[in-house]
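What follows is a set of notes on a single structure, which appears directly below.
The values are calculated or read from the model by the stated rules, or taken from the named source; none is laboratory data. Being a predicted model, the structure only gives us computed values, none of them experimental. Virtual Cβ from ideal backbone geometry, glycine too; neighbours counted across all protein chains shown.
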């Protein structure tokens with residue numbers, strides 16, 4: 001059993017295709033693992049595998065943990081919120097349908113910050129997810145359930161969504177690979193909307209090869225999402241072994257940014273690895289990136305306040321205060337159905353869009369967004385990739401940042417600029433570091449960003465670097 | 001400097017957002033939103049005259065499809081998750097309290 005769970009997705013799919021491993025046995029093993037979830041990573045998981053017929057395809061027989069923000073026909077979909085508790089969507093998200101078409105099968109739906117708003121998973125209406133490396137710490141968010149499931153040996157791979165770092169940051173804090181593709185690479189159809197101009201689906205996996213496999217299956221244009229374009233030429237398994245001739249840009253602003261000493265040490269060691277592989281390190285300037293958080297926390301809440309207007313107690317989900325008039329029903333339903341962080345962002349977004357403030361906040365933030373995209377464009381004229389730590393810290397303690405929303409927001413400092421520019425970025429585990437204040441050593445992620453739709457190149461470089469780093473640490477008690 | 005948000009503005013915005021806030025919520029929200037806005041306000045001072053705002057990162061225009069009728073969700077399926085379906089429709093309280 002342990003042997004089966006230790007395989008990567010690529011290894012397992014090859015064994016199943018060759019007939020060396022039975023798909024039913026493999027699925028059953030993961031089903032058992034998911035059923036033993038002690039991390040609160042799952043909100044729902046398959047109970048009865050039934051007669052399992054394996055579809056042929058690159059992911060034939062592979063179970064996938066799916067963030068509960070993706071609509072799945074007939075199975076509960078909550079987006080981590082009470083307001084649609086019990087909702088069973090009448091259709092399935094395109095990303096999930098594509099995984100299914102490639103032979104994969106949904107293993108369960110993973111816990112998340114309510115409507116993907118959060119960086120610690122503590123905003124879930126269904127309780128926080130625990131970090132498998134240290135159960136007193138957060139797994140990151142908002143795709144924390146997906147990250148904890150993969151890192152904690154409860155799923156071979158998972159998908160999540162990233163609006164300002166929600167795939168990359170939990171991947172970093174849990175010691176796995178997380179990829180946010182270019183905006184438009186994967187359809188958003190059936191993905192419950194948070195901030196539509198930023199939301200993007202992506203894989204959370206044990207290694208870069210698995211991330212490529214999942215991306216290959218999910219990417220593509222979808223008539224149901226007119227903003228989807230797909231990746232020209234598709235995605236192949238990466239195989240590059242060196243980084244010769246590639247230039248990696250380190251933002252000069254990084255020198256004055258404050259982040260943990262342990263994170264800095266791992267980051268610098270990874271830069272040295274890049275050079276050992278023949279890559280070149282250069283300095284680049286991203287002068288507007290420091291305003292990323294400010295712009296993001298105007299744009300994302302503004303879009304959210306509009307997207308979340310649909311939860312009004314009429315068409316789906318809960319209703320409360322139905323004995324009063326219509327306005328009372330709306331206000332009561334939303335007061336009781338939404339959690340604190342969601343209310344905070346709806347308020348922030350509504351304020352930013354309200355008469356008299358629109359230009360000063362939303363208009364200005366969209367201009368900053370242009371500037372950040374221009375910064376990256378200029379950087380990519382000089383270098384192939386931009387690299388940063390994924391998160392300024394290792395996993396922090398449960399409850400450590402909940403009292404101060406702004407300190408929580410600042411966690412997204414390194415991941416938000418790429419989201420605003422719409423470019424792809426990956427987090428790969430680069431080492432372990434002691435948290436500030438001491439304690440067990442925890443994973444540190446290394447972020448690599450590339451120009452729009454350069455996913456193949458990004459995966460190739462990440463693959464070479466991953467092999468050189470050789471990160472093989474696992475949380476205690478996890479196979480493989 | 002722009003004024004940060006006050007209690008009356010919080011109540012006004014809550015009404016716009018169709019959110020009922022408790023007394024405690026109003027108090028907390030006023031403090032927290034002011035703190036966040038103070039940070040966000042830094043971009044207010046940047047000179048961005050002449051910069052085009054970005055509303056969408058991928059250059060796309062006029063994504064069209066043929067206008068052909070196709071099946072949509074059946075009525076019973078569309079109503080299946082509604083809190084109060086009634087005779088094939090969504091039932092809602094009267095817009096006026098005394099109606």
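For region A:399-439, which residues satisfy the criterion of being more than 20 Å from residue A:196 (Cα to Cα), part of a strand (DSSP E or B) and either within 19 Å of the chain's Cα centre (by Cα) or at pLDDT below 95 (or both)?
Passing the criteria: A:426, A:427, A:428, A:429, A:430.
Tally time: how many residues in region A:303-314 are outside any helix (DSSP H, G or I) and touching a helix residue (DSSP H, G or I) at 6+ places or on another chain (Cβ under 8 Å)?
Adding up the residues that qualify gives 3.
Of all the residues that make up region A:93-112, how many are out of contact with any strand residue (DSSP E or B) (no Cβ under 6 Å at 6 or more places or on another chain) and part of a helix (DSSP H, G or I)?
4
Residues being within 13 Å of another protein chain (Cβ to nearest Cβ) and either in contact with a helix residue (DSSP H, G or I) (Cβ under 7 Å, 6 or more places away or on another chain) or crowded, with 20+ Cβ neighbours inside 10 Å (or both): count how many of those fall in region A:404-461.
19
Output the number of residues of region A:333-348 satisfying the condition of being over 19 Å from residue A:408 (Cβ atoms), crowded, with 21+ Cβ neighbours inside 10 Å and within 7 Å of chain B (Cβ to nearest Cβ).
Final tally of qualifying residues: 1.
Within region A:206-229, how many residues turn out to be surrounded by fewer than 23 Cβ atoms within 10 Å (Cβ to Cβ), in a strand (DSSP E or B) and more than 10 Å from chain B (Cβ to nearest Cβ)?
Total satisfying the criteria: 1.
Return a yes/no flag: does region A:327-336 have any residue that is within 31 Å of the chain's Cα centre (by Cα) and more than 26 Å from residue B:96 (Cβ to Cβ).
Checked region A:327-336: no residue is within 31 Å of the chain's Cα centre (by Cα) and more than 26 Å from residue B:96 (Cβ to Cβ).
Residues to consider are B:73, B:19; find the one that is farther than 29 Å from residue A:341 by Cα, assigned to a loop (DSSP other than H, G, I, E, B) and facing another protein chain (nearest Cβ under 7 Å).
The match here is B:73.
Hey, residue A:135 hits all of (1) surrounded by fewer than 24 Cβ atoms within 10 Å (Cβ to Cβ); (2) touching a helix residue (DSSP H, G or I) at 6+ places or on another chain (Cβ under 7 Å); (3) over 20 Å from residue A:97 (Cβ atoms) but one; which does it fall short on?
(2)
Among the listed residues A:381, A:360, A:373, identify the single one that is over 25 Å from residue A:140 (Cα atoms), under 22 Å from the mean Cα position of the chain (by Cα) and surrounded by fewer than 21 Cβ atoms within 10 Å (Cβ to Cβ).
A:373
Assess whether residue B:92 counts as being within 7 Å of chain A (Cβ to nearest Cβ), surrounded by 10 or more Cβ atoms within 10 Å (Cβ to Cβ) and over 23 Å from residue A:345 (Cα atoms).
yes
Among the residues that make up region A:72-85, is at least one of them in contact (Cβ under 8 Å) with a residue 60 or more places away in the chain, within 20 Å of residue A:205 (Cα to Cα) and in contact with a helix residue (DSSP H, G or I) (Cβ under 8 Å, 6 or more places away or on another chain)?
Taking every residue of region A:72-85 in turn, none turns out to be in contact (Cβ under 8 Å) with a residue 60 or more places away in the chain, within 20 Å of residue A:205 (Cα to Cα) and in contact with a helix residue (DSSP H, G or I) (Cβ under 8 Å, 6 or more places away or on another chain).
So, in region B:30-59, exactly how many residues are under 25 Å from the mean Cα position of the chain (by Cα) and within 7 Å of another protein chain (Cβ to nearest Cβ)?
Adding up the residues that qualify gives 16.
Criterion first (in contact with a helix residue (DSSP H, G or I) (Cβ under 6 Å, 6 or more places away or on another chain), without any contact (Cβ under 8 Å) to a residue 40 or more places away in the chain and either surrounded by fewer than 21 Cβ atoms within 10 Å (Cβ to Cβ) or closer than 16 Å to residue B:16 by Cβ (or both)) does residue A:351 satisfy it?
Here the answer is yes, as residue A:351 does meet what is asked.
Does residue A:444 qualify as being in a loop (DSSP other than H, G, I, E, B) and touching a residue at least 24 places away in the same chain (Cβ under 8 Å)?
no
Could you pull out the residue among A:283, A:268 that is assigned to a strand (DSSP E or B), more than 14 Å from chain B (Cβ to nearest Cβ) and surrounded by fewer than 23 Cβ atoms within 10 Å (Cβ to Cβ)?
Matching residue, one of A:283, A:268: A:283.
Exactly one condition in (1) over 17 Å from the mean Cα position of the chain (by Cα); (2) within 14 Å of chain B (Cβ to nearest Cβ) is not met by residue A:396; state its number.
(2)
Of all residues in region B:23-61, how many are touching a helix residue (DSSP H, G or I) at 6+ places or on another chain (Cβ under 8 Å) and not in a helix (DSSP H, G or I)?
Matching residues across region B:23-61 total 8.
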